[in-house]
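The values are calculated or read from the model by the stated rules, or taken from the named source; none is laboratory data. Bear in mind the structure is a predicted one, so any value in this text is a computation, not a measurement. A quick note on method: Cβ atoms are made from the backbone with ideal geometry, for glycine too, and the neighbour counts reach across all protein chains shown. We work out accessible area using only protein heavy atoms, side chains counted, and drop any ligands, DNA or RNA first. Shrake-Rupley method; radii C 1.70, N 1.55, O 1.52, S 1.80 Å.
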Amino acid sequence: MEHFFLSVFELLTGLGVLGIALGLMIEIIPSEIVLGYGGYLISKGEVGFLSATVAGVVGGTFAQLFLYWAGSIGGRPFLEKYGKFVFIHPKHLDVSERWFQEYGPIVIFTARFIPVVRHAISIPAGIAKMRFLPFLFYTVAAVIPWTILFLFLGFQLGENWREIKQVAQPLIIPIMILIILGAITYFVFDRKRG
């Protein structure tokens, strides 16, 4: 399986910004790796920061749109049968459905920064037939900072871009905590108003 990932990654690395977008769309390689490599390409002057950011946002958004449509059209049975091919397992569906039912549409933004939930949260949004424009808005709002952060880290690391997960870990945990605290605050105030 690792050989397959390396083959796909090697194919994508020769495509520049198109490779960044495609790598994020097919979601078989973690977005941190794809974007980290994109940052490395920026550091070498092979792609521009703006074009890499646009490619990252487009690719990351389309990946989530595919999952949203899969949830909307095929529902949970379809995803239980075929989700394994994009590394989505029943446990991911269970957690993301619980989060979506409990917290509603805002979780589309907050969950993007939380492991396990982040790549599956679009599915319950599709199953619940969440309105498309709010879904798109929350998705893009989360994909932009994620893309910029990992492109920047890859740029800073340069030749050492493969270390991106270790370098990002100390940054992601505080971001996750802030987002979760912000979401809790939002829900508390929202319920008090309701």
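Things worth noting here:
- Accessible area of Lys44 in the full protein assembly, 1.4 Å probe (Å², nearest 10): 100
- Counted residue by residue at 0.36 nm each, then reduced by the alpha carbon distance between them, the extension gain from Glu102 to Leu18 reaches 26.5 nm.
- Stretchable slack from Lys165 to Phe137, in nm (0.36 nm times residue separation minus alpha-carbon distance): 7.4 nm
- Straightening the chain between His89 and Ile144 buys 17.2 nm, computed as 0.36 nm per residue apart minus the Cα-Cα spacing.
- The calculated FRET efficiency for Lys129 paired with Ile26, based on their beta-carbon distance and R0 = 35 Å, is about 0.85.
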